[in-house]
Structures are given as structure tokens and as C-alpha cells.
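The values are calculated or read from the model by the stated rules, or taken from the named source; none is laboratory data. Bear in mind that the values here come from a model prediction, so they are computed numbers and not experimental data. FYI the Cβ positions are ideal-geometry reconstructions off the backbone, even for glycines, and counts take in every protein chain you see.
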Amino acid sequence: MIPLALNPLTARIGLAGAGAPAARRLAALRAAGAEPVLFGADVTLAGLHVLYVAGLEAAQYEPLAAAARAAGVLVNVEDVPALCDFFSMAEVRRGDLLLTISTGGTAPGLAGVIRRALERLFPPVWAERVAEVASLRAGWRAEGVPMAEAARRIAAMASERCWLPCPEAD
């Protein structure tokens, strides 16, 4: 597996599907900032980069996946790993922080268990932390602070504030 984070502002994303599975995928894509092209019976793959397929029967998704691949469009057919060029990941979003978990489509229930654990370890306050660090980093870049020094400062801040588990005091 090769993890990627697509920019929803530049990647043209399509969704073909029906029922609750398609509604869940649509909600997830919109939560990520995407406004996917929605397909019904007529599918025009021209210009798409990625196509999600959810809630369709094999008679519908098999030719659709083949057409997507023939058009050079990456495809994900929900719950059919053999027809997936990529896999959806369980995710935790905290502002610009995105944590993802994947089992390559083999154990989505386990990915969900791990996602719930990460939600507890990275509560919503992490959105503010990431925004603070991004602001500091922008200032440091403007001042010409080298990347290695900025990374050192960020690590020191995270350690001093115990953002991640801190070693026990002696």
C-alpha cells in the first residue's frame, strides 16, 4: 500500500452508488472538503481522477470498475478489494490533522477499533494545536528559520506541553 492524501480542491472525484453505503461515502467525502460528481445510470468518466462505487450490485459495479480502469481513473468498489485500485481508510480528523488507518481492505472492523482508540488519544483540542504550530511555522519561515530548527522547536513545544505521552518524572 502507498498512502496518499488527495487535495479535494484539485482532484476530480466521482461517486456512483445507491442507498446507505453511497450516502455514507458522500458524507465522508464532503467532510474531507470534496464535492464529488454524482453518477446515476449514465456515467461519464472523462476528467475524473478517482471514482468511488458504493451500494451497487455486481452487475453494475463490475463493468463500471472496468470502464474506470480503461479510462485511467482510479477506482474503489466498497467491500470488493479485488476491484480496488486504492482503499478507503478509517480516519480521525482534527482540523488540518488527519490520522488514517488501513488494513488494505482486509479487516475494516479492526481499522474502526483502532480509529476509536486514536480519537481518544487525539481529542478535538488537536485542531487548535495544529493551527498554533502552523502559525508559528509560517512566522519562522518568513524569518528564514531553517526547516531543521523549526522541527526542533516544534518537538520541544510538544514535549514541554506533554501533547504526547511524556516520560514519567524521576
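Per-residue answers, yes or no, for (1) out of contact with any Leu (no Cβ under 7 Å at 6 or more places or on another chain); (2) assigned to a loop (DSSP other than H, G, I, E, B); (3) in contact (Cβ under 8 Å) with a residue 12 or more places away in the chain; (4) not assigned by TED's automatic domain parsing to the domain that holds ARG93:
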position: ARG129; (1), (2), (3), (4): yes, no, yes, yes
position: GLU132; (1), (2), (3), (4): yes, no, no, yes
position: ARG137; (1), (2), (3), (4): yes, no, yes, yes
position: GLU149; (1), (2), (3), (4): yes, no, no, yes
position: ARG152; (1), (2), (3), (4): yes, no, no, yes
position: ALA156; (1), (2), (3), (4): yes, no, no, yes
position: PRO165; (1), (2), (3), (4): yes, yes, no, yes
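If I go through the range 115-170 residue by residue, how many of them are under 27 Å from SER88 (Cβ atoms) and of a type in the set (Gly, Ala, Ser)?
Matching residues across the range 115-170 total 4.
Sort through ALA20, ALA11, ALA31 and tell me the only one that's surrounded by fewer than 18 Cβ atoms within 10 Å (Cβ to Cβ) and closer than 13 Å to SER88 by Cβ.
ALA31
Could you tell me whether the range 76-86 includes any residue that is under 19 Å from ARG25 (Cα atoms), polar (S, T, N, Q) and outside the structural domain of ARG12 (by TED's automatic domain parsing)?
The answer is no; no qualifying residue exists.
Can you confirm whether GLU57 is assigned by TED's automatic domain parsing to the domain that holds ALA11 and under 18 Å from the mean Cα position of the chain (by Cα)?
Criteria not met by GLU57.
For the range 98-119, state whether one or more residues are assigned by TED's automatic domain parsing to the domain that holds ILE2 and surrounded by fewer than 11 Cβ atoms within 10 Å (Cβ to Cβ).
Scanning the range 98-119 turns up no residue that is assigned by TED's automatic domain parsing to the domain that holds ILE2 and surrounded by fewer than 11 Cβ atoms within 10 Å (Cβ to Cβ).
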